[in-house]
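Data first, discussion second: the structure below is written as C-alpha cells.
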Amino acid sequence: MNAAVDMTETDIRNALVKTGRVPEGDPDGVAAVIARLASGEITMREAQGIPTAEVEAAYARGFGRFQAGRYEEAEKIFGYLCLLDQNVAKYWSALGACRFNLGAYAPAVVAYGMASNADPDDPKPHFRAAEAFLKSGETELAARALQASIDVAGSHAQHAGLKAKAHGLLDVITDS
C-alpha cells in the first residue's frame, strides 16, 4: 500500500501510458489526467480503466479472506481498493474491520472515518470507530463516536437497532 502513496509523477505517467488511457508522448494528456485525479473528478480506477466488475471481484476475494480470518491478506486487498476508489464506503469499512481484527485500532479509526466521509448517512462507521476507541482505552472519543452514530441514525427505521445498541453502549461507558 505504501508503494502507491510514494508514486512519482513519472510513475503515474508510465502507468497511464501502459494502460492505454493516454498515448505515449502525450504529456498534456497525462497532465490532464493527473489534474483530474488531484481534483477528485475521477478515481484511480477510472483513470486506469478498470471495470467495476473486476473491482467487485477483488472485493469478494478480500471478503472471503476476511471471513477465513486471513486479515493481513484481506487488508492488502481492501487497501488497494481504497486507493483505486476512495469514494466507496464499503472498501473503507472492510479495511477498518481488518485493521480492527489485527489490533491496529488507530488505523481502523482512520479507515472508519474515511467510510463515514464516503457515506455520511451511514451510522455504522461511527459505531465501529467507537469500538476501536474503546479497545484502545479512549473512552471519551468512543462516547463522541457513539453520539455521532446516534445522530446519523436519526429516526431512520433501518438504523433503529444500531441506534439502540449505540445508546446502550454509551450509557455503559458514561456511567462508569
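Just a few scattered comments:
- Counting the residues of segment 136-158 that are within 13 Å of residue 169 (Cα to Cα) and not hydrophobic (A, V, I, L, M, F, W, C) gives 5.
- Here residue 132 fulfils each of the conditions (1) in contact (Cβ under 8 Å) with a residue 12 or more places away in the chain; (2) part of a helix (DSSP H, G or I); (3) surrounded by fewer than 19 Cβ atoms within 10 Å (Cβ to Cβ) apart from (3).
- Check on residue 159, over 20 Å from residue 40 (Cβ atoms), open to solvent by 30 Å² or more (accessible area, probe 1.4 Å) and assigned to a helix (DSSP H, G or I): no
The values are calculated or read from the model by the stated rules, or taken from the named source; none is laboratory data. The structure presented is a predicted model; accordingly, all values stated were derived computationally and were not measured. No Cβ is skipped: glycine too gets one built from the backbone with ideal geometry, and neighbour counts run over all protein chains shown. When the accessible area is computed, the model is the full protein with side chains, heavy atoms only, and any ligands, DNA or RNA have been set aside. Shrake-Rupley method; radii C 1.70, N 1.55, O 1.52, S 1.80 Å.
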